[in-house]
Amino acid sequence: MKRQAISATAALFAIAMAAYGAWVYEGQWGEYGAGPGEFLRTYGVAVAANGNVYAADWGNRRVQYFTSTGSFLGGWYGFIYCGSVDVAPNGNVYAISYDDCRILYFTPTGSRLGSWGSRGSENGEFLFPSGVDVAPNGNVYVCDRLNDRIQYFTSTGSFLGKWGEYGLREGQFDRPGHACVAPNGNVYVSDTGNDRIQYFTAAGSSLGKWGRTGSGEGRFSGPQGIDISPAGEVFVAEAGNDRIQYFTLDGSFLGKFGAPGPRNGEFDKPSDVAYTAADIVYVADTVNSRIQYFRWSEPAVYPTSLGRVKALFK
C-alpha cells in the first residue's frame, strides 16, 4: 500500500518520536514446505486495503494470501518463480514471473486478468525483473534487474517510459531490486548492487540518493524491498545485513530493527517490507521461509521528556 506524502513538520515529528519508541516483534507465520501457508522462500509481501497480506512464494511458484495475522485464505500458481507482488488501489494483484520475464495481474482472489513482457532489452521486455510496484494512479513500475533500468506501464501493460543504465552515477543502477511509488508520484528505488536508495520523479528525473556499502546506520548491504508510511518513513529490507532500516523521505536515518538468525525478530536475507495503516510492518523473511510482523510501541516517557517533543509542534 502507498502512503501519503508528508510535510516538513510531519517529518520532524517522525524523527522526534523515533527516540521514544521502537518496532517490536508481534507475530509470524509460515515454515519451509509446499503446503498451504508454507513457503519455499518468501520473496515479496504486500498488503491490501482490507488488511489481507499477499506473499510471493518463490520456490513454490505461487502467490498466497492471508488475514492480517496469518490465517490462510487462498493462493494460486502460474509462475516460473514468483519474484515480487504488489496490490493496486483497486485491489488487483500484480506479480512477477521471474524466469520467463513477465508481469501477471489478477483479481484479489487469483483470477487471471492479463500479462505482459518477454525476455529481452527492448521497450516492454525484461531481463529477470525483480520488483513490481503499483502507483496511486494505477501505473505499474518494474525494476528490470539485469537491464539496469526502471520501466513503467499502464495498469494493463502499455509501455509508458523508462530510465536507467548500468553505472554508479545518479540515475544509473547496478541490479535495481525493488521500487515504491509515493502518493505524490516520486519513485524510490533500491539500487541493490550499488548499496543505496535513489529517488526520482514519476518520469525518472533524479531527485536524490543516500547510502553506501557497510553495516553502520544508513549504510547498506544488498537493499531490497521498500515501503513508505503515512509519516514519511521509508522502510528498507536489507538482505545483506539481515535487518530493516527506516529513514525520512530525503534519507535521514530514523532507526533499525532485526538481526541475523531464525528466532523471533531475526531475519535471514529479508527481501521485502510492507507498512499498513494499522501501524504494522510485515517482512518477507526469505530464507527462513516465513512472514514476520512488527508493531510500533511507544514506551512510557517522563512527562518532561514528552513535553519537549510536544514543544516542537506548538
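The values are calculated or read from the model by the stated rules, or taken from the named source; none is laboratory data. Small disclaimer: the values here were computed from a predicted structure and weren't measured. Using ideal geometry, Cβ is built from the backbone for each residue, glycine included, and neighbour counts are taken over all protein chains shown. Note: areas computed on protein heavy atoms with side chains; ligands, DNA, RNA excluded. Shrake-Rupley method; radii C 1.70, N 1.55, O 1.52, S 1.80 Å.
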Spot the failing condition for residue 173; the list is (1) open to solvent by less than 10 Å² (accessible area, probe 1.4 Å); (2) under 17 Å from the mean Cα position of the chain (by Cα), and only one is missed.
(2)
I need a count of the residues in the stretch 258-278 that are within 14 Å of residue 46 (Cα to Cα) and touching a Phe, Trp or Tyr at 6+ places or on another chain (Cβ under 8 Å).
6
Filter the stretch 145-159 down to the residues that are surrounded by 13 or more Cβ atoms within 10 Å (Cβ to Cβ) and either more than 22 Å from the chain's Cα centre (by Cα) or part of a loop (DSSP other than H, G, I, E, B) (or both) and list them by number.
148, 154, 155, 157, 159
If we keep only residues of the stretch 56-76 that are part of a loop (DSSP other than H, G, I, E, B) and either at pLDDT below 95 or of a type outside the set (A, V, I, L, M, F, W, C) (or both), then the residue nearest to residue 43 (Cα to Cα) is 59
With respect to residue 115, is the statement that it is hydroxyl-bearing (Ser, Thr, Tyr) and within 18 Å of the chain's Cα centre (by Cα) true?
no
What's the number of the only condition in (1) at pLDDT 95 or above; (2) open to solvent by less than 40 Å² (accessible area, probe 1.4 Å); (3) not acidic (Asp, Glu) that residue 269 fails to meet?
(2)
Among the residues of the stretch 171-185, which ones are at pLDDT below 95 and part of a loop (DSSP other than H, G, I, E, B)?
182, 183, 184, 185
Considering the stretch 22-49, residues that are under 18 Å from the mean Cα position of the chain (by Cα) and outside any strand (DSSP E or B), and then whichever is farthest from residue 268 (Cα to Cα), we arrive at 49
Give the residue that is farthest from residue 278 (Cα to Cα), with candidates limited to residues of the stretch 82-100 that are in contact (Cβ under 8 Å) with a residue 24 or more places away in the chain and in a loop (DSSP other than H, G, I, E, B).
99
Consider the stretch 31-57. How many of its residues are surrounded by fewer than 24 Cβ atoms within 10 Å (Cβ to Cβ) and within 12 Å of residue 82 (Cα to Cα)?
2
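Out of curiosity, is residue 229 among the hydroxyl-bearing types (Ser, Thr, Tyr) and free of Cβ contacts under 8 Å to residues at least 40 places away in the same chain?
Taking the combined requirement at face value, the residue does not satisfy it.
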Given the conditions (1) farther than 17 Å from residue 235 by Cβ; (2) not in a strand (DSSP E or B), which single one is not true for residue 162?
(2)
Picked from the stretch 1-46 (must be of a type in the set (Val, Ile, Thr) and closer than 30 Å to residue 135 by Cβ), the residue modelled with the lowest pLDDT is 6
Across the stretch 186-245, which residue is least open to solvent (accessible area, probe 1.4 Å) among those that are assigned to a strand (DSSP E or B) and in contact with a helix residue (DSSP H, G or I) (Cβ under 8 Å, 6 or more places away or on another chain)?
223
Across the stretch 246-273, the tally of residues that are part of a loop (DSSP other than H, G, I, E, B) and within 19 Å of residue 289 (Cα to Cα) stands at 12
